[in-house]
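Undergrad: For reference, the structure I am asking about is given below.
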Amino acid sequence: KERNGHEPEFLQAVEEVAETVIPYILEHDIYRDKNILTRMVEPERLISFRVSWVDDQGVIKVNRGYRVQMNSAIGPYKGGLRFHPTVNASILKFLAFEQVFKNSLTTLPMGGGKGGSDFDPKGKSDNEIMRFCHAFMSELFRHIGPNTDVPAGDIGVGGREIGFLFGMYKKLRNEFTGVLTGKGMSWGGSLIRPEATGYGTVYFAEKMLNTKGDDFKGKQVVVSGSGNVAQFAVEKSLQLGAKVLTMSDSSGYIYDAVGIDSEKLAFVMELKNVKRGRIHEYVEKYPNAEFVKGRTPWDVSCDIALPCATQNELNEDDANTLLSNGCICVSEGANMPSTKEAITAFHKAKILFAPGKASNAGGVATSGLEMTQNSLRFNWTREEVDNKLKEIMCNIHDSCIKYGKEEDGYIDYVKGANIAGFVKVADAMLAQGVV
Ligand code: NDP
């Protein structure tokens, strides 16, 4: 706390893990004696650098770039890049810390990292995005590599940005390697990677519902966000027979009482991915729907809530509203979208609650599968990758039960995910000595 007191998001993420992992450490002297948790909270390396680029008017702009290389005990650093004006060291350290546990849970050999910039992609032309990505990579390339650190996308970094970043890396290194994931299909990408985080979040929720003899069929689902994760969480919910009522962006949410069907979802995908428009434009196309400005969708009555936008977007009041409206299941597609107080409310009510590090791990798991395919120089079919994704989500669910099932049968998925993720990394650190 003394060293990181000025980094609230990072402290929040560490505290949540510490609360569940410390009692486990106290029962296992070796982790305590070797100071494992204290070592885990300090990044192995934190790189910060200047990114200078020229906008369409010829004005020179300066942004700050980062890469947090948090832990490489079980594999090369792996984690996304975020381009958003709020990006700072605290947010990237929280994301990198979460990533260590999440990657461990996937059972694939990946360490944890995260990076990005305070660059705001909103309103920028394609050429400006390209120049920024090229400038960003002209420094980052020194610190990454297919066996060292393999970045991916996150908020503000999708297929377009990964393409520009990859192009500059390839030019500077003069080699074609799987140094980034989320690549296009014709140049080393994996089928199902774009869908994986959203699909995985829904697969995980379905597994949780199955423990109660229930499933998605006929359920009312509320989704926040309208980016990569949200879009495919909606798609999979529809495929499993649910009715999706909301989507959102940072300007507010749309509520469609008759449901966002696959045709309406295609409109949102075109709006967000191609036209780069705002969610309120949905209401111009579908006037039966309503746009609620400046608010998150948690006051809409639902059975299942899927927060898929950003951190701390669901607070204690939102949690209580969801509970009083009869919500039975919350599966986090975003990273740390629920505040600590919201999670406490869900646990008190003993509803099904999955933390992002378990439920959104399908994205990085499929990135791991993309790395494997790159190494093999081979592509698996859509069905093969989807089956592996389902199997991984199933295994994560089993690990959560192993470490999170309480005496009364309630599954504390937060505790389960934290301890399962911790044990694998801690054992590798013990084996490798003090390095
Ligand atoms: P996108 O950039 O594709 O979409 C982000 C969505 O969240 C947009 O609708 C955006 O709205 C909204 N949003 C962003 N910031 C805020 C904010 N401060 N307040 C309200 N809404 C906001 O990102 P992704 O879908 O890739 O990522 C969403 C979440 O999922 C993040 O927490 C990310 O870390 C997490 N995640 C993503 C993975 C992936 O594979 N992409 C993997 C695992 C986790 P607007 O357009 O207005 O900014």
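Just so you know, all these numbers are worked out from the coordinates, no wet-lab data involved. Not measured: the values here are computed from a predicted model. Note: ideal-geometry Cβ built from the backbone for every residue, glycine included; neighbour counts use all protein chains shown.
Undergrad: Taking θ as phi - 60°, what are the ³J(HN,Hα) couplings along region 176-185 by the Karplus curve (6.51, -1.76, 1.60), each to the nearest whole Hz, with x for Gly and Pro?
TA: Here the 3J(HN,Hα) series is 9, 10, x, 7, 10, 10, x, 6, x, 5 Hz.
Undergrad: Quick one: if you stick a label point 7 Å off each Cα along the C-beta vector at residue 18 and residue 347, how many nm between them?
TA: Result: 1.5 nm between the two label points.
Undergrad: Using a 7 Å offset from Cα along Cα-Cβ at residue 284, what residues in region 231-262 end up with backbone N under 18 Å from the label point?
TA: Residues passing the 18 Å test: 248-255.
Undergrad: Which whole-angstrom value gives the distance between the alpha carbon centres of region 290-350 and region 411-431?
TA: Using only Cα atoms, the two centres lie 26 Å from each other.
Undergrad: As an exercise, take the mean of 1/r over every pair of distinct alpha carbons in region 142-300, invert it, and state the Kirkwood radius in angstroms.
TA: Kirkwood hydrodynamic radius for region 142-300: 17.3 Å.
Undergrad: Non-local amide H neighbours of residue 189 (under 5 Å, H modeled in plane, Pro and chain starts lacking H): which ones?
TA: The list, which skips near neighbours in sequence, is 184.
Undergrad: Once the convex hull of the C-alpha atoms of the chain is built, how many Å³ does it hold per residue, rounded to a whole number?
TA: Spread over its residues, the Cα hull of the chain gives 140 Å³ apiece.
Undergrad: Right, here's the next one. What is the list of residues in region 104-120 whose amide nitrogen lies under 19 Å from a point 7 angstrom out from the Cα of residue 401, following Cα to Cβ?
TA: 105-107
Undergrad: While we're on this one: Just 149, 33, 299 to compare: in a GNM of the chain, with alpha carbon springs under 10 Å, which one fluctuates most?
TA: Of 149, 33, 299, the Gaussian network model singles out 33 as fluctuating most.
Undergrad: Per DSSP H run of n ≥ 4, the term is -39500 (n - 2.57); total these for the chain, divide by its residue number, and report the mean residue ellipticity at 222 nm rounded to 500 deg cm²/dmol.
TA: So the helix-based figure for the chain works out to -14500 deg cm²/dmol.
Undergrad: Of all beta bridges DSSP finds with both residues in the chain, what is the antiparallel percent, to the nearest 5?
TA: Just about 55 percent of them are antiparallel.
Undergrad: Which of the trypsin sites (Lys or Arg not before Pro) across region 133-190 are loop residues per DSSP, with 16 or fewer other Cβ within 10 Å?
TA: Sparse-neighbourhood loop trypsin sites (Lys or Arg not before Pro): 142.
Undergrad: What list of ³J(HN,Hα) values in whole Hz, one per residue of region 71-88 in order, does the Karplus curve 6.51 cos²θ - 1.76 cosθ + 1.60 (θ = phi - 60°) give from phi, with Gly and Pro shown as x?
TA: 7, 10, 5, 10, x, x, 4, 8, x, x, 10, 10, 10, 7, x, 7, 4, 8
Undergrad: R0 = 51 Å: FRET efficiency of residue 147 with residue 32, Cβ-based, nearest 0.05?
TA: With R0 = 51 Å, the Cβ-Cβ based efficiency is 0.95.
Undergrad: What shape does region 249-397 have by the C-alpha gyration tensor, where a ≥ b ≥ c are the square roots of the eigenvalues, rounded means a/c under 1.5, and otherwise prolate means a/b greater than b/c and oblate the rest?
TA: In terms of gyration-tensor shape, oblate.
Undergrad: Indicate the gyration tensor shape class of region 295-355 (rounded, prolate or oblate), computed on the Cα atoms with a ≥ b ≥ c the square roots of the eigenvalues: a/c under 1.5 is rounded; otherwise a/b larger than b/c is prolate and the rest oblate.
TA: Rounded shape, in that the Cα axes give a/c under 1.5.
Undergrad: In region 42-177, what % of DSSP beta bridges are antiparallel (nearest 5)?
TA: Percentage antiparallel, nearest 5: 70.
Undergrad: Run the dipole for region 168-250 about the Cα centre, Lys and Arg Cβ at +1, Asp and Glu Cβ at -1, nothing else charged, and hand back the magnitude in debye, nearest 20.
TA: My answer is approximately 220 debye.
Undergrad: What three numbers, in Å, describe the spread of the alpha carbons of region 1-85 along their principal axes, ordered from the longest?
TA: Projected onto its principal axes, the Cα set of region 1-85 covers 62, 28, 18 Å.
Undergrad: Shifting gears a bit: If I stretch the segment between residue 372 and residue 217 completely, what's the gain in nm (0.36 nm per residue apart, minus their alpha carbon distance), one decimal?
TA: Gain in length upon complete extension: 52.4 nm.
Undergrad: Let me ask something additional. Among 283, 100, 385, whose mean-square fluctuation peaks in a Gaussian network model of the chain (Cα, cutoff 10 Å)?
TA: Of 283, 100, 385, the Gaussian network model singles out 283 as fluctuating most.
Undergrad: On to the next question. Karplus couplings for region 119-128 from phi (6.51 cos²θ - 1.76 cosθ + 1.60, θ = phi - 60°), rounded to Hz, Gly and Pro as x?
TA: With coefficients 6.51, -1.76 and 1.60, one gets 5, 9, x, 4, x, 8, 6, 4, 5, 5 Hz.
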